[in-house]
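Before any comments, here is the structure.
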Amino acid sequence: MKKNILRGICLLSCAALPWCGRAAAQDADRSGYFCESIRQPFYVRTGSGDDLSPVRNKMLPERFSARRPEGVRRVFLLGESAAVILRDGAEIIDIDVPGGWTHGGMSRYGALLGGGGERVEMLNFGMGGYDSYRISAILSEILNYSPDLLVLFSGNHEGVTEMCPGLEFDLRRRQSRLLEHYYSVKDGDDQQQARKKASLKMHREMLEKMARAAKKKKVPLLFCTLPVNVRGLPSRMPLSLAGEPFAAGYRLFYDGKYAQALEKFRLALKDRPRGHFENFYAARTLDKLGEPAQAGAYYFSALAFDPEMNRADRARNDMIKETAAAEGVCVADLEKLFRDLSPDGLPGFGEFSDGMHWRPEYNKAVWNEVFRAAAACAVKGFGKFSPAKSGPVPAPAREEALRRLNYAFFGMDRQGLNEAVLAELSRVREEEPGLLREAAVSPEKLGRLLISNFWTAGMQDQFRTRFPLLLAHLAETERRAKNYGGALELCRRALELEPGSGRFRLERAQVLAGLGRNAEAAAEFLALASETSDISPEARSLALAYGFAPPAAAPGRTTAK
């Protein structure tokens, strides 16, 4: 169980980042990445010189000098996979600086700074999936390597329950449980809100610790707020269609009857005002109705109420800014940057590959904001920077689509059709529709398309076992696009591989209804509704949504609202 949870963290942290494959060589066991290896130094000296080499995994930078070279300024990036996206700063080659900025002045991590021949060394210590507790140990170590600026990315992995064995981790689990209990009693919070407050409290303590450690060494530290995809990607938690108003709204939404759908979603919200999917679908519907300002309020509520807490919401970013102000730390407000860059102030798939990893073509804008913020805080040597004139250069469409397919496949689980996976697949269908047709050919063809790296190593056997579930997700993707014929064929293939799947039968029933084959659809809905299974309440609610009267609920079973 522990390994499965850790695997999930890994995949969602950086399944599509190309550097991850290089991390695999020294640490085949994923639990070692989060548990055993963090007890080791990050880098050690090699021989009698000043060269440092990695110990934990082969991360960037692979090798550098413990002693800062003459005439060089050092910028250290540390944190989670948001830091890793920036790699060695190659995107800032043509940054608009008097005298120019030329990449490669010292090494693959070096560049010329300004017209005086001064150089800057970019050193990236990002670790995909790391939380602030693990990042803090790295900061303590790199303070010994003469940094001129530390840039911290932390906030997307603070809601994960600590899974490592040992006393130090057990103490953190106990602290989390005690804080959850405290907030549930003090504020009367439900479990989700109490857990979130506990996470914010523990995260704040780690940020304070890092800020004070940097201040003691007189090293400038820059906190970054973290942008996320609020418009395009819902939670990865399972979506239940058991509530009748929500199921009715769901059916109306995909039929394109948005005004009627909104009425149903608002009814569902009266019953569950903190429901993630209720808020997300209300937002999505308002978007379709051309009301982005109203939609935004619901999108940000959906993010705040996401039980997974795997994306930094406004409360967490506000806490980062408050902690920075209290500790005298600079802030690069990347959340605001991406809101300003995105249509209607709502970042989506135009800016992000998944829920938290921005597309690499936005690296230059991020670098500009980092250096602008450093200059605004009077960090010595960074006042000469100004934003680059050139805009983002989009990645090749197929490359981006393959990245999304990777996230989608490894985000699937057996609990049902996953809304986040469907969002990724729908985007791939828009950008590179032929890729989905390729993926649906066979498990072997799928395996050749997916990116192989540290996080996906050892999962090749799942290409075959997960393939029917992928077909079902692809069927729903086609149904939502109103390609009912294609969706029905994908359902047929999925059910051929797993004939007893109630989830796949429910998908087929919706496709048949879309085709106008109401007698067949009604028979499938009502058969599923009359069974005693986990899917029966959803089948009952969807049968009502499509106008098919279901039988009375079985004794002892009620239909969820």
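Observations on the structure shown:
- Once backbone amide H atoms are built at 1.01 Å from N, PHE64 has LEU52 as its partners under 5 Å, excluding neighbours fewer than 5 places away on the same chain.
- Here the Karplus relation 6.51 cos²θ - 1.76 cosθ + 1.60, evaluated at θ = phi - 60°, turns the backbone of the range 45-51 into coupling constants of 5, 10, x, 9, x, 9, 5 Hz, with x for every Gly and Pro.
- Candidate aspartates and glutamates for bridging to LYS215, where Cα separation is under 14 Å - those fewer than 8 sequence places away on the same chain excluded: ASP148, GLU327
- Note on GLN40 and LYS201: the model spin-label points, each 7 Å out from Cα along the C-beta direction, lie 3.6 nm apart.
- Interchain or long-range residues, amide H under 5 Å from ALA395's placed H: GLU361
- In whole angstrom, the range 465-509 maps to an equivalent ellipsoid with semi-axes of 16, 10, 8, each derived as √(5λ) from the alpha carbon gyration tensor and ordered largest first.
- Take the Cβ atoms of GLU208 and GLU291, set R0 to 30 Å, and the FRET efficiency comes out at 0.15.
- Residue order, fewest to most beta carbons within 10 Å, for TYR407, TYR484: TYR484, TYR407
- Full extension of the chain between ASP534 and ARG398 gives 45.2 nm of extra length, using 0.36 nm per residue less the Cα-Cα distance.
- Placing +1 on each Lys and Arg Cβ and -1 on each Asp and Glu Cβ, with no other charges, gives the range 244-304 a dipole about its Cα centre of roughly 60 debye.
- For the range 302-441, the C-alpha radius of gyration sits at 1.26 times the compact-globule guess of 2.2 N^0.38 Å, with N the residue count.
- Estimated vicinal HN-Hα couplings, Hz - the range 272-287 in sequence order (Karplus 6.51, -1.76, 1.60; Gly, Pro = x): 9, x, 9, x, 4, 6, 4, 5, 5, 6, 4, 4, 4, 5, 4, 4
- Point-to-point label distance, ALA137-ARG437, nm (Cα→Cβ direction, 7 Å offset): 5.0
- If the chain linking ARG414 and ALA325 were pulled fully straight, counting 0.36 nm for each residue of separation and taking away their Cα-Cα distance, it would gain 27.6 nm.
- Relative contact order, whole percent, for the range 244-304 stands at 29, derived from Cα pairs under 8 Å and 6 or more residues apart.
- Taking the convex hull of Cα positions in the range 244-304, its mean projected area over all directions (nm²): 3.4
- Residue order, fewest to most surrounding Cβ atoms within 10 angstrom, among ARG403, ARG493: ARG493, ARG403
- Gained length - ASP461 relative to LYS257, 0.36 nm times residue gap less alpha-carbon distance: 69.2 nm
- Exposure proxy order (Cβ contacts within 10 Å, fewest to most) of TRP367, TRP358: TRP367, TRP358
- Computed Rg/Rh of the range 158-226, alpha carbon atoms with Kirkwood Rh: 1.06
- Pair ASP340, LEU449: separation of 7 Å Cα→Cβ label points (nm): 3.9
- With 19 Å as the limit on Cα-Cα distance, the pairs of LYS288/LYS482; LYS217/LYS380; LYS218/LYS380; LYS186/LYS270; LYS218/LYS364 that go past it are LYS186/LYS270; LYS218/LYS364.
Every read-out reported here was derived from the displayed coordinates using simple, explicitly stated rules and does not represent laboratory data. Keep in mind that what you see is a predicted model, and the values were worked out from it rather than measured. Backbone-built Cβ (ideal geometry, glycine too); neighbour counts: all protein chains shown.
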